[in-house]
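Asks: Here you go, one structure.
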Amino acid sequence: MLFPMFHSRKAGAAFLEWRIAAFFFGAVLGLAGIFLNISWLVAVALVVLLVGVALRMAPARDSGSAAQEPRTPEP
């Protein structure tokens, strides 16, 4: 119920591809590290997943709104 209050649609769409890639890459690294019993690989997976979370907090870029100012019609 409180989620929409903290969620901005524009900020959520920013870096979406990067966040998805970080999630899948971190999941694959984590599962490989668990399966192979390599602790440093699991640690790298956690860092990759935290990068994905950090991308969620990154501000969205304003795509040229300053360049497209409203113009007044000329008589």
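Coordinate-derived values only; no laboratory data. Remember, it's a predicted structure, so these values are computed and weren't measured experimentally. As a convention, Cβ positions derive from the backbone with ideal geometry for all residues, glycine included, and neighbour counts pool all protein chains shown.
Asks: Report the gain in length on full extension from Ala32 to Glu74: 0.36 nm times residue separation, minus Cα-Cα distance, nm rounded to one decimal. Display every interim value, and only then the final one.
Replies: On the way: separation 42, 0.36 × 42 = 15.12 nm, distance 6.50 nm.
Additional length available on full extension: 8.6 nm.
Asks: Quote the FRET efficiency, to the nearest 0.05, computed for Val42 versus Leu16 with a Förster distance R0 of 30 Å and r equal to the Cβ-Cβ distance.
Replies: 0.70
Asks: If we restrict to alpha carbons, what Rg and Dmax does the range 14-57 come to, in Å?
Replies: Values for the range 14-57 (Cα only, Rg and Dmax): 10.6, 35 Å.
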